[in-house]
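What follows draws every value from the coordinates through simple rules; no lab data is involved. Fair warning: this is a prediction, and the values are worked out from it, not measured in the lab. FYI the Cβ positions are ideal-geometry reconstructions off the backbone, even for glycines, and counts take in every protein chain you see.
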Amino acid sequence: MTTRHAETAASSPWIRRFHPRPGAAVRLVCLPHAGGSASFFHRLSGDLPPDIEALAIQYPGRQDRYVEPPLRSIGELADGAYEALVPWADLPLAFLGHSMGSAVAYEVVRRFERRKGLVATAFFASGHGAPTVNRSESVHLRDDAGVIAEVRGLGGPGAEAFDEPDLVSLLLPAVRADYRAIETYMEEPTPVPAPADRLRCPLVALVGDADPKVTPDEARAWAEMTRGAFSLHVFPGDHFYLTPEHDRVVSTVAGSLLELLRTDGVDGAAAPDLV
């Protein structure tokens, strides 16, 4: 990365680079779930092999960005992440989104293809069905107790924070905005592409076998969203299977990425002069 690129990237509040790897061959961009933050991927970042450097996306309205108003659409989240990532595309980029992050990642990958002609090394869609099978839900319209009950019911990292009354008022705006974003995704003016406009990158779907939010069949529908190779990996666990199955997830993601790099299975993933 040139000095100019590095300075631009380092100044972005969207990017967290927990474990810099100057000699990496590919960057894995990790996008968190509704209500989640970049720190969800801290452990994964540290456990990737030296050839893979993780960048985690920090959405507005949480942790060190809590004073910023949260964004309320997938399109807005994708636009912000995309703009922040352009300086980092001097190396091939791959994407891993979990739950809502899968939809955001999908839109970011689309933006790189349409606006820069760059194809991701791979897109890992975790814990969410393809846009074509998007479920109709309305958690964002519930009262505060209803939103909190949803978060607690999924049992993800940080859910215990809602047991602290002083934290609830800080956490709820971002959680509600995220649920609104994913639950109104299909109402946005970015339609699911026709077959000729499908993604060009390899796509890997990851899902827990007891996930109440997505079935393996709904995850398998991601195959319709790309012209590249597709595979599905089903892990034991619920919506946050990534935590107990951490080692297997890291092995699956890293193994897939390194194999793609070895076989050069991507048609043009990096461009050093984007900005």
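Data table
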item	result
Footprinting exposure proxy for M186, M100 (fewest neighbouring C-beta atoms within 10 Å first)	M186, M100
Using θ = phi - 60° and Karplus 6.51 cos²θ - 1.76 cosθ + 1.60, couplings along the range 43-57 (whole Hz; Gly, Pro as x)	5, 4, 4, x, 9, 6, x, x, 6, 10, 10, 8, 10, 9, 8
Beta bridge orientation in the range 1-134: antiparallel %, DSSP, nearest 5	10 percent
Residue-by-residue Karplus 3J(HN,Hα) for the range 223-240, coefficients 6.51, -1.76, 1.60, Hz, glycine and proline x	4, 6, 9, 9, 8, x, 5, 9, 8, 10, 10, 9, 10, x, x, 9, 4, 10
Residue-averaged 222 nm ellipticity for the chain, from DSSP H runs of 4+ at -39500 (n - 2.57), nearest 500	-10000 deg cm²/dmol
Likely footprinting exposure, H233, H98, H128, H246, fewest C-beta neighbours within 10 Å first	H246, H233, H98, H128
Placed amide H near R200: partners under 5 Å, 5+ positions off or other chain	R227
Most fluctuating residue given options P22, P189, P244, as computed from a GNM of the chain linking Cα atoms under 10 Å	P189
Percent antiparallel among DSSP beta bridges (both partners in the range 3-263, rounded to 5)	5 percent
The range 168-180 - phi-based ³J(HN,Hα) in whole Hz, Karplus 6.51/-1.76/1.60, Gly and Pro as x	4, 5, 7, 8, 4, x, 5, 4, 5, 5, 5, 5, 4
Cα-centre dipole for the range 3-263 with unit charges at Cβ (Lys and Arg positive, Asp and Glu negative), debye to 20	940 debye
Within the range 35-141: Cβ-based charge dipole about Cα centre, in debye rounded to nearest 20 (Lys, Arg +1; Asp, Glu -1)	280 debye
Nonlocal amide H pairs with S99, under 5 Å, H built at 1.01 Å	S126, G127, H128
